[in-house]
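*Asks:* Here you go, one structure.
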Amino acid sequence: MFIQTESTPNPATLKFLPGQAVLETGTADFPTADAAADSPLASRLFAVDGVTGVFFGTDFVTVTKADAKEWDHLRPAVLGAIMEHFQSGAPVLGGDEAGRTGHGEAFDAEDGQIVGQIKELLDTRVRPAVAQDGGDITFHGFDRGVVYLHMQGACAGCPSSTLTLKMGIENLLRHYIPEVTEVRPVAV
């Protein structure tokens, strides 16, 4: 098994591409070791000293490290953990919804059409680009012109995430949907 690595805009996060499906659909975020209890792969990665976050996409794994650790020392251990997991045949997720990024959405019913347009733009224009950088973005709400989004994976804590939200996503949404006035991050 050959696992490729890619850097991300977040220097604390690396993207690992195992060359096979990680998740069939969607994403799963494990911001802490406790959150990883139901995922054999995430648990194995958190067992590596210095790992502080794990995120799964359909064909990649992003791992976030502690600031005091260096990738030169962590990368081999993370590669080994991913390789051992896939060779073991164990599932990536233990339960049907372990670590899944499901959440409640807050918006007024009369804004349903606007929210549909926002989600369409996020799914077709934003999420593919963010996934290239080892992360994901999820819709959390719309209230009086303000769109609430949550950054995950490599995007969470990335130095350029505010710029991505404000200059990229906010400008895109405002261009196509005049009712959107601002984009704000939310912590989950």
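*Asks:* List the longest stretch of the chain that has no exposed loop site; here a site is one of the GluC sites (Glu not before Pro) assigned by DSSP to anything other than H, G, I, E or B, with at most 14 other Cβ within 10 Å.
*Replies:* The longest such stretch corresponds to 106-188.
*Asks:* For the chain, take the longest principal axis of its alpha carbons; what is the angle in degrees between that and the long axis of helix 112-121, to the nearest 10 within 0 to 90?
*Replies:* 50 degrees
*Asks:* Modelled label-to-label distance, N171 and K119, 7 Å Cα→beta-carbon offset: nm?
*Replies:* That separation, rounded to one decimal, is 2.8 nm.
*Asks:* Among [x] 19.7, 75; [y] 15.8, 50; [z] 17.1, 53, which one is Rg and Dmax of the Cα atoms in Å computed from these coordinates?
*Replies:* Matching the structure shown: [z].
*Asks:* Say each of Q4 and A47 gets a label point 7 Å from the Cα, pointing the same way as Cα to Cβ; how far apart are those two points in nm?
*Replies:* It is 2.8 nm.
*Asks:* Under a Cβ-only charge scheme (Lys and Arg +1, Asp and Glu -1), can you give me the dipole magnitude of the stretch 4-88 about the Cα centre, in debye to the nearest 20?
*Replies:* Value, rounded to 20: 120 debye.
*Asks:* Assign one of three labels to the stretch 4-88, namely rounded, prolate or oblate, based on the Cα gyration tensor with a ≥ b ≥ c the square roots of its eigenvalues; rounded applies when a/c is under 1.5, prolate when it is not and a/b is larger than b/c, and oblate otherwise.
*Replies:* Judged from the Cα gyration tensor, the stretch 4-88 comes out rounded (a/c under 1.5).
*Asks:* If you don't mind, another one. Running a GNM on the chain with Cα contacts under 10 Å, which residue among G141, G89, G153 ends up with the highest mean-square fluctuation?
*Replies:* Result for the chain, Cα springs under 10 Å: G89 fluctuates most.
*Asks:* How about K69: which lysines have a C-alpha closer than 28 Å to its C-alpha, ignoring those fewer than 8 places off in the same chain?
*Replies:* Correct list for K69: K15.
Bear in mind these aren't lab numbers, they're just calculated from the coordinates by the rules spelled out. All of these numbers come straight from a predicted model, not from anything done at the bench. Cβ atoms come from the backbone with ideal geometry, glycine included; neighbour counts cover every protein chain shown.
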